[in-house]
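The values are calculated or read from the model by the stated rules, or taken from the named source; none is laboratory data. Everything numeric here is computed off the predicted structure, so don't read it as measured data. Counting neighbours? That spans all protein chains shown, and the Cβs are built from the backbone with ideal geometry, glycine included. In case anyone asks, the SASA skips ligands and DNA or RNA and just uses the protein heavy atoms, side chains included. Shrake-Rupley method; radii C 1.70, N 1.55, O 1.52, S 1.80 Å.
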Amino acid sequence: MATTWFKESRYAWIGLGSLWVIGFIGALTRFSLSFFQVQISTDLQISRGFISMAWSTNLFIIAVCAPLGGWLVDRYGTKKILMLSAIMSTLGTGIVVLGHHPIVFFIGYGVISGLAGIGATASYILMFEWFRHHRAKAMALLASASSVGLAIITPIFVSEDWLTWKNAFMASFILGVCVSLPVIWLGIKAPQQKNKEKDESNHSIEVEGQGMLTRITPSPKKFIHLPIFVVVAIALFTCGINMGSVEMNLVAIHQLADVSPSMIALSMSILGIMEITGALICGYFLDRYNKLMMMSLLYGIRIIGFAFLFMHLGSSPILFAIAFGITYLSAVPGGMLVINEFAKGKGKHTGVLLLMHQGGGIVGVLIGGLSFDYFGNYQNLIVVDVIICILVALGYFGLFTTYKRNLRIQNKKVAVSEAL
């Protein structure tokens with residue numbers, strides 16, 4: 001009998017640790033682009049617009065590769081696709097380090113590193129396969145790797161003047177070769193084929209209810225038409241817009257509202273802390289309570305946060321950081337957990353959903369820029385974020401009430417049949 005830790009197999013936690021290390025290493029390149037824009041622009045004699053174009057290209061390719069990666073995972077398995085993804089990521093950073101030319105930078109980071117997006121789906125599939133009792137918490141921990149990486153990397157590079165963006169890319173390349181590739185090779189096992197076959201042969205779906213499960217049997221061919229898939233897809237697209245809005249424009253929003261630099265710094269620190277704390281809190285509740293209801297509540301909290309940001313109160317930066325931070329890392333894993341109740345972690349479905357999220361991120365960045373160009377502020381951007389979050393919260397709540405009603409109807413039928 002396999003050794004278990006907290007009701008999960010020992011290997012599940014080891015695998016999670018392996019994926020977490022890979023995500024932690026990946027934070028280096030994200031940090032480099034956001035922190036060293038001026039230095040990169042000077043060293044390579046390129047404009048910040050060129051750097052933004054490379055970033056946008058990277059994001060676009062990751063988005064396109066998400067459904068492709070899902071199809072590849074279903075066909076060739078998670079381990080092979082993770083390995084290919086890590087190779088592309090490492091190769092991309094290596095090209096940036098070794099080539100001191102704008103075109104080389106664009107190809108290395110914008111194109112080749114973007115191709116690493118084929119592995120985005122694999123991590124979710126592995127979480128679905130490995131974990132049963134602590135699935136949401138495991139996904140929250142995995143999502144925290146990038147945030148923790150930034151929290152640790154930033155002070156190191158800020159305190160040491162001699163460290164540059166080249167050092168960050170070099171470290172990413174070396175760690176990719178010496179850590180990421182060996183960790184995938186030795187620490188990741190592909191899902192057991194017998195379990196996959198069992199899941200595929202069982203087309204029934206489990207929906208959480210009040211103390212029991214209701215089993216529904218939809219046709220896999222009609223899965224794309226299920227309301228729940230549409231709601232989750234829109235929710236992840238909305239989450240992408242939210243993140244694109246915040247990551248690109250939050251500091252500018254505070255500056256236009258005459259928020260002091262010290263308050264901005266404090267709010268950004270709180271945002272980072274709440275990202276990690278919120279992921280663990282939301283993961284705990286997603287494991288214990290109805291996921292549809294919890295996701296409706298999550299987007300409700302986002303609505304409150306954006307409302308405070310719109311009002312520009314003296315405490316708005318802090319209140320927004322708390323409200324948005326606590327939901328920051330949980331919207332995507334939460335949506336994947338909801339859809340996994342119906343798709344059983346199929347890679348093609350997960351890939352399409354990740355495509356929606358990445359596409360939302362690109363749209364969020366574009367809306368922010370257009371909002372400022374036309375109106376001279378970001379108020380309309382915030383209004384868009386509030387409206388779409390309201391729609392998503394209502395969508396999740398509508399699904400919750402629908403399945404709760406279906407559960408009561410089925411329970412009555414069971415009670416009648418037993419009485420007879």
Within the stretch 326-333, can one find any residue that is part of a helix (DSSP H, G or I), among the β-branched types (Val, Ile, Thr) and surrounded by fewer than 19 Cβ atoms within 10 Å (Cβ to Cβ)?
no
Residues being surrounded by fewer than 17 Cβ atoms within 10 Å (Cβ to Cβ) and of a type in the set (Ser, Thr, Tyr) - total across the stretch 281-321
3
Considering the stretch 28-58 alone, what residues qualify as being closer than 30 Å to residue 188 by Cβ, modelled with pLDDT of 80 or more and of a type in the set (A, V, I, L, M)?
28, 54
Checking residue 326 against (1) under 30 Å from residue 68 (Cβ atoms); (2) modelled with pLDDT of 90 or more, the condition it does not meet
(1)
Restrict the check to the stretch 94-103 and report whether at least one residue is closer than 22 Å to residue 333 by Cα and touching a residue at least 40 places away in the same chain (Cβ under 8 Å).
no
Tally time: how many residues in the stretch 246-293 are in a loop (DSSP other than H, G, I, E, B) and of a type in the set (Asp, Glu)?
1
Does the stretch 114-137 hold any residues that are part of a helix (DSSP H, G or I) and either of a type in the set (D, E, K, R) or out of contact with any Ser or Thr (no Cβ under 6 Å at 6 or more places or on another chain) (or both), and which are they?
114, 115, 117, 120, 123, 127, 128, 129, 130, 135, 136, 137
Determine if the stretch 272-280 includes at least one residue that is among the small types (Gly, Ala, Ser), open to solvent by 10 Å² or more (accessible area, probe 1.4 Å) and at pLDDT below 95.
yes
Is one or more of the residues making up the stretch 376-390 touching a Lys or Arg at 6+ places or on another chain (Cβ under 7 Å) and either farther than 30 Å from residue 310 by Cα or in a helix (DSSP H, G or I) (or both)?
yes
If I ask for residues that are touching a residue at least 24 places away in the same chain (Cβ under 8 Å) and either open to solvent by less than 40 Å² (accessible area, probe 1.4 Å) or not hydrophobic (A, V, I, L, M, F, W, C) (or both), which ones from the stretch 63-79 would you list?
63, 65, 66, 67, 69, 70, 72, 73, 74, 77, 78, 79
If I filter the stretch 20-43 for residues that are under 18 Å from the mean Cα position of the chain (by Cα), open to solvent by 40 Å² or more (accessible area, probe 1.4 Å), among the aromatic types (Phe, Trp, Tyr) and within 12 Å of residue 109 (Cβ to Cβ), do I get at least one hit?
no
Could you tell me whether residue 121 is hydroxyl-bearing (Ser, Thr, Tyr) and at pLDDT 90 or above?
no
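The rows are residues; the columns are (1) modelled with pLDDT of 85 or more; (2) open to solvent by 60 Å² or more (accessible area, probe 1.4 Å); (3) closer than 22 Å to residue 323 by Cα; (4) acidic (Asp, Glu).
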residue: 187; (1), (2), (3), (4): no, no, no, no
residue: 192; (1), (2), (3), (4): no, yes, no, no
residue: 215; (1), (2), (3), (4): no, yes, no, no
residue: 220; (1), (2), (3), (4): no, yes, no, no
residue: 223; (1), (2), (3), (4): no, no, no, no
residue: 228; (1), (2), (3), (4): yes, no, no, no
residue: 267; (1), (2), (3), (4): yes, no, yes, no
Would you please name the residue that is modelled with the highest pLDDT, looking only at residues in the stretch 374-420 that are open to solvent by 30 Å² or more (accessible area, probe 1.4 Å), hydroxyl-bearing (Ser, Thr, Tyr) and within 17 Å of residue 294 (Cβ to Cβ)?
401
Please determine whether any residue of the stretch 173-180 is closer than 22 Å to residue 41 by Cα and modelled with pLDDT of 85 or more.
yes
